[in-house]
Amino acid sequence: MTPGVPSNGRAAEPLFRLRGVRFSYAGRNVALDGIDLDVKAGERLVLLGANGSGKSTLLKLLDGIIGPSEGEMTALGHEVAAVAAGEDAFRFHREVGLVFQDPDIQLFSATVMDDVAFGPLQLGLPAVEVKERVDEALAAMEITDLANRAPFELSGGEKKRAAIASVLSLRPDVVLLDEPTASLDPRTKWVLVDLIVRMGLAGRTLITATHELDIVPIIADRVVVLGEDRRVMADGKPDEILDDRDLLVRANLIHEHLHEHGGIRHSHPHPCGEHHDGDPDDGEPVAAGAGEASMSAGGDGRRP
């Protein structure tokens, strides 16, 4: 039975429950400041926020790598502070898996197969089951042909898929993804988005941190926006969040960029970090309307 889903028909307890959670690095640098959040089993949740808003820190809390500096937090019935201190951490990490933004953190073996087999081997599973899990995870990420390749030989997208496979081989109920499409070329990005969608359709609880607006309607059924004050700014359906231009501007996910045509100045929203035609120090110009096209996912949820 999926954790958090009772057989008696009563409302399920959330898989994750955070109340007033704060976290500070070295006791000084505040990364999260008063987070209240519930996550139910089977949700496809996106943590949406600009760089520095605390998304990665929140994923580490959800994974039990670190415990809150203040506040109350439980995950799958465990006190996260206790998990971070090592209490029942081994069993917890069989149920919750985190895919880091940098896949090189997770790929350290001689071959992809060895990396994907590492987790099941640590569980002490028999060789037959280890092979079954490895084959299953490689197939799910469509990288069976890469099994005997060394991680350093892989492209960025292939590394991302191998890192996800190394988590899937543990068959976790919850998968946490930190900026899974960052730094990928467009074709590889959308291949990976398709694979993330399939994971959600398989019934897993998915929590994805990103600042890329165009993938949100495809991978999420709920969006939580983190602001630059490291607090929750909004919580709602993808279309509600993406249609709220003022919210996205305040969250530094888009910005108003002024244009001048024939002496008339006007503004358009642009995803933050995108180049604009005529901006100083731009490496290359962007065609007129690029900002609006990037925001079209907020309307119909389709890919570019």
Long-range HN-HN contacts of residue 149 with modeled amide H, under 5 Å: 112, 113
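Grab the beta carbon distance between residue 72 and residue 131, set R0 = 41 Å, and tell me the FRET efficiency rounded to 0.05.
The calculated FRET efficiency here is 0.50.
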Spacing of the two label points (7 Å from each Cα toward its C-beta) at residue 12 and residue 249, in nm: 3.9
Amide H contacts of residue 101 (H built 1.01 Å from N, under 5 Å, at least 5 apart or other chain): 178
Tail weight of P(r) past 21 Å, computed on alpha-carbon pairs of region 153-251, percent: 38
Entries of 131/189; 60/131; 60/159; 160/237 with Cα pairs more than 24 Å apart: 131/189; 60/131; 160/237
Karplus (6.51, -1.76, 1.60) ³J(HN,Hα), θ = phi - 60°, over region 101-113, in Hz, Gly and Pro reported as x: 4, 9, x, 5, 5, 9, 10, 9, 8, 5, 9, 4, 4
Hypothetical label at residue 185: residues of region 133-153 whose amide nitrogen lies under 17 Å (7 Å Cα-Cβ projection): 153
Separation between Cα centres of region 182-210 and region 25-90, rounded to whole Å: 21
Hz values of 3J(HN,Hα) by residue in region 213-223 - Karplus curve (6.51, -1.76, 1.60), Gly and Pro given as x: 5, 5, 8, 4, x, 8, 9, 10, 10, 8, 10
Förster-model FRET efficiency, 25 Å R0, residue 36 and residue 123, C-beta, rounded to 0.05: 0.15
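Readers should treat all values here as calculations from the given coordinates under stated rules, not as data from a laboratory. Since the structure is predicted, the reported quantities are computational estimates derived from the model, not experimental observations. Here the Cβ is made from the backbone with ideal geometry for all residues, glycine too, and neighbour counts use every protein chain on show.
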